[in-house]
1. Here's a check for you: in region 197-212, which residue that is surrounded by 15 or more Cβ atoms within 10 Å (Cβ to Cβ) and not in a helix (DSSP H, G or I) is farthest from the chain's Cα centre (by Cα)?
2. Which number in (1) at pLDDT below 90; (2) over 21 Å from residue 323 (Cα atoms); (3) surrounded by fewer than 23 Cβ atoms within 10 Å (Cβ to Cβ) marks the one condition that residue 412 misses?
3. Among the residues of region 218-239, are any modelled with pLDDT under 90 and part of a helix (DSSP H, G or I)?
4. Pick out the one residue from 19, 59 that is over 27 Å from the mean Cα position of the chain (by Cα), under 25 Å from residue 125 (Cβ atoms) and at pLDDT 80 or above.
5. Working only within region 67-102, note down all residues that are in a helix (DSSP H, G or I), modelled with pLDDT under 80 and surrounded by fewer than 21 Cβ atoms within 10 Å (Cβ to Cβ).
6. Is it true that some residue in region 534-542 is closer than 30 Å to residue 318 by Cα and modelled with pLDDT of 90 or more?
7. Taking the residues in region 221-242 that are surrounded by fewer than 17 Cβ atoms within 10 Å (Cβ to Cβ) and in contact (Cβ under 8 Å) with a residue 60 or more places away in the chain as candidates, determine which candidate is nearest to the chain's Cα centre (by Cα).
């Protein structure tokens, strides 16, 4: 369905007779509806609750389970929300203000990006859906690259911005390096095992007693883990993320911080779960007195696989520390949120490394909570950008001064939010709720996600990591509070307008209109209420995560 939709949209864009009759905003709406319809098909395509291990399709290249179905729906819903979240703006003074013609032209030219944006988002979403269900090294790599190519193009979508082009090029070069590392790991695994199907590889490794094969498989998986950690910007492989997120347009950054991370974290989870399953099988064999002959090989095998947990724990520790400490020094809001994302990745990797029944439940809950909170935060920042950047003072200044990012409706510095509570109290309060949730303030949903991860860590004896996570959560609250303080600080009116500026203001007052659609308001209010009122009705989400963790841990 997704592939056919993408082909139809590409043909529609290529044919001038069709393209002239479809507005750029309509492309976004059509693409969003296509994603929603795809989600409906995913929900109704398979009824596999009675099949514990799922259904293999396309000769075993993909594995469909209840787990992959759920997160396919999460990815599709998130993608559709991001597509329709681009605010509508309508300036009626284009022909009436010669002084603002250049600015108006730049605003209208943004509409041209919406067409390309919708197509590339669909392609990247298709790659994410395929990656979540991948059951073969070949499909894993191809799906990852299909998703990544879309993200590379999105990062450099604003071609009139030098910083956006720089961000896209940096992302492409470093992302390609990570892809090469993953491809090398896949090649090593195939060289030593002669297999590409993941289930077949796991079955072979669980019974093989050849140390060379075990070491080759371990080295291949290490390279795959490193490449995937690079792509989700986990420390110490995070250096590219703050620059790319800060230099890209905010609507693009919204996609970069959420969509690629969901699918990559899920494939990491699948691999780590199967490694843990192999270790459990070998532990059972080790305790069986009939298998004393191969006990030495089993012990050697288990030692070889300590690297996966240690690698994730080290990356989790560094992500927690670096994401928190470096975030304190940031003055640009998207760089600060980039380091905040790195800190959240640290919590997710901690739950992933523990890999117990409780930690799996915490992992699933944290990913869903992270998606909701981050998405709502960036949507609010996008709306603030449209409001602030088209206010009287900024619009007048932008006549003479070109925006440094080339994206006129983006907020760059935290100081630009100063005093917004007195101008836009509802948006300011919703942003405050999201930031408090990120900081882990009870009774918001972010508090419970961190609590679940810490509880599973303490239950499994990870006391040092738990103490570090608690400390960095307290420290990270300071830079969230810095944003809130600026929001609620009234700005002093120290500037005077000239006669020319007052004339422009009067013209704007009668001829300018900024339209924020009811769809945007509904999305933000729904997400905010889910963050704020989770404690009143937690059973739906908690029961779903519990059932999923039980099925995954036991199959």
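1. Step by step, filter region 197-212, then rank; the result is 208.
2. (2)
3. Scanning region 218-239, I find at least one residue that is modelled with pLDDT under 90 and part of a helix (DSSP H, G or I), so the answer is yes.
4. On the way: 19 fails: at pLDDT 80 or above.
Criteria check complete, one pass: 59.
5. 98, 99, 101, 102
6. no
7. 236
Residue by residue, here is whether (1) out of contact with any helix residue (DSSP H, G or I) (no Cβ under 7 Å at 6 or more places or on another chain); (2) outside any helix (DSSP H, G or I); (3) buried (at least 22 other Cβ atoms within 10 Å of the Cβ); (4) at pLDDT below 85 holds:
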{"site": "352", "(1), (2), (3), (4)": "no, no, yes, no"}
{"site": "359", "(1), (2), (3), (4)": "no, no, yes, no"}
{"site": "368", "(1), (2), (3), (4)": "no, no, no, no"}
{"site": "372", "(1), (2), (3), (4)": "no, no, yes, no"}
{"site": "377", "(1), (2), (3), (4)": "no, no, yes, no"}
{"site": "380", "(1), (2), (3), (4)": "no, no, yes, no"}
{"site": "390", "(1), (2), (3), (4)": "yes, yes, no, yes"}
{"site": "394", "(1), (2), (3), (4)": "no, no, no, yes"}
{"site": "398", "(1), (2), (3), (4)": "no, no, no, yes"}
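The values are calculated or read from the model by the stated rules, or taken from the named source; none is laboratory data. Not measured: the values here are computed from a predicted model. Cβ coordinates were reconstructed from backbone atoms using ideal geometry, including for glycine residues, and neighbour counts include every protein chain displayed.
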